[in-house]
Amino acid sequence: MNKSLLGIIDATQNFESLDILTNHRNVAALPIAGRFRLIDFILSSMVNSGISNVAVYPQHHFRSLMDHLGTGKNWDLNRKRDGLFFLPVPHTAETNGEITSLDHFSYHMTYLERSEQDYVVVANSYTVCNIDFNAVLKEHIKLGGDITEVKKGKVSLNMYVLKKDLLVKLIEERKETGYTSVSEAVHDHYSGFKVNVYEYDGYLATVDSIGSYFQTSMELLKVDNWYQLFMKASPIYTKVKDEPPSKYGAGSNVTQAMVANGCVIKGEVEHSIIFRAVNVDEETTIKNSIIMQKTKIGKNCKLDYVILDKDVEIADGTVLIGSPFQPIVVQKGVKQGELMNS
């Protein structure tokens, strides 16, 4: 069964409300949960479902995404047959502004034509979940519809299973139908397609804004949510980086926090997520915050409801106080001055 399913990850989305964190990276490459990227969840779900042919279609700022995915080795997709394919819009393509999903797919029709799988799952790159696509395919075949949409209650995951031939038809007829994505075909009541629903019952979060990114990150500090998402039977894979264990100073205190490897913690960390190789100096307090990779935080700082992107430097004595609904965000590589009160 699983050999009949082709995986497509639509990484063309660009949310303005995430711009401060995605003006230099694709949404799919947004760091989350200490050492992962958003794309890891859907890509791992595909691999755990036995899908060995996966195509990623990126559009914006995809250098870091390419670096993260590499050859697909960390997902066992560096294969002689099938494997991981990275398919951006060709430089030679004639475009007028924003390129739709189906337009993007049209530039790589050869990939679809050469793929031997009969069915395809089309998924986005910004949904945090752990789903068995084999179960979705079985339900799709059992019900005999044209397209199966994955939902949790009334919420759509924007993931669809359909025959590859139907996807090719949607791409080829997009100018006549006006459809820009599979989602539009599904939600057009006059399309004539029989659309079925697969009910997903696991952990679910959609990251499409600073608020949803912050909320999702804080939710993952809850044990129940963590174990719903990170399951032994279907692990979430990511790019492996060899870092030494984190070091904790004599005066450090860490409670209800997620701390990745390679960190040096001398201050206090509470209800926060600390990525790899972060330095937190003495007499500094961090609460309800997300601190990304290789950030350096000086002495006697106070951070609460803050998101610090990679390679940020926080000077001694700096105070940054945000709120649950409006966390303070500091862009990648910024050196933050002293006593910056919000």
Any hit, the range 222-239, residues being touching a Phe, Trp or Tyr at 6+ places or on another chain (Cβ under 6 Å), within 18 Å of Asn124 (Cα to Cα), among the hydroxyl-bearing types (Ser, Thr, Tyr) and open to solvent by 30 Å² or more (accessible area, probe 1.4 Å): yes
Matching residues, the range 127-180, being closer than 26 Å to Ala29 by Cβ, in a strand (DSSP E or B) and open to solvent by 40 Å² or more (accessible area, probe 1.4 Å): Lys152, Val155, Asn158
Residue count for the range 263-280, restricted to those that are within 19 Å of Gly333 (Cβ to Cβ), open to solvent by 20 Å² or more (accessible area, probe 1.4 Å) and in a loop (DSSP other than H, G, I, E, B): 1
Identity of the residue in the range 281-291, in contact with a Phe, Trp or Tyr (Cβ under 8 Å, 6 or more places away or on another chain) and surrounded by 24 or more Cβ atoms within 10 Å (Cβ to Cβ), that ends up farthest from Cys263 (Cα to Cα): Ser289
Selection within the range 21-64 - under 17 Å from Arg79 (Cα atoms), open to solvent by less than 10 Å² (accessible area, probe 1.4 Å) and part of a helix (DSSP H, G or I): Leu43, Ser44, Met46
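Can you tell me how many residues in the range 247-262 are outside any loop (DSSP other than H, G, I, E, B) and surrounded by fewer than 18 Cβ atoms within 10 Å (Cβ to Cβ)? Show your work before the answer.
Our first condition is that a residue be outside any loop (DSSP other than H, G, I, E, B); within the range 247-262, this holds for 247-248, 253-255, 258-259.
Filter again for surrounded by fewer than 18 Cβ atoms within 10 Å (Cβ to Cβ), leaving 247-248, 253, 255.
Residues flagged as outside any loop (DSSP other than H, G, I, E, B) and surrounded by fewer than 18 Cβ atoms within 10 Å (Cβ to Cβ) within the range 247-262 amount to 4.
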Residues satisfying the stated conditions in the range 77-92, i.e. assigned to a loop (DSSP other than H, G, I, E, B) and open to solvent by less than 90 Å² (accessible area, probe 1.4 Å): Leu77, Asn78, Asp82, Leu87, Pro88, Val89, Pro90
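Of the residues Tyr190, Tyr203, only one is open to solvent by 50 Å² or more (accessible area, probe 1.4 Å), among the hydroxyl-bearing types (Ser, Thr, Tyr) and over 28 Å from Thr110 (Cβ atoms); which?
Just a single option satisfies the conditions, and that option is Tyr190.
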Condition broken by Ile9, with the remaining ones in (1) open to solvent by less than 10 Å² (accessible area, probe 1.4 Å); (2) outside any helix (DSSP H, G or I); (3) without any contact (Cβ under 8 Å) to a residue 60 or more places away in the chain satisfied: (3)
Residues located in the range 292-327, provided they are in a strand (DSSP E or B), more than 25 Å from Glu243 (Cβ to Cβ) and open to solvent by 60 Å² or more (accessible area, probe 1.4 Å): Lys302, Gln326
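Filter the range 65-86 for residues that are over 19 Å from Ile236 (Cα atoms) and in contact with a helix residue (DSSP H, G or I) (Cβ under 9 Å, 6 or more places away or on another chain) and give the result.
Of all residues in the range 65-86, those over 19 Å from Ile236 (Cα atoms) come to 79-82, 85-86.
Hits for the range 65-86 are Phe85, Phe86.
The values are calculated or read from the model by the stated rules, or taken from the named source; none is laboratory data. If you're wondering where the values come from, they're calculated on a predicted model, not measured in any experiment. Cβ atoms come from the backbone with ideal geometry, glycine included; neighbour counts cover every protein chain shown. Only protein heavy atoms, including side chains, enter the accessible area calculation; ligands, DNA and RNA are left aside. Shrake-Rupley method; radii C 1.70, N 1.55, O 1.52, S 1.80 Å.
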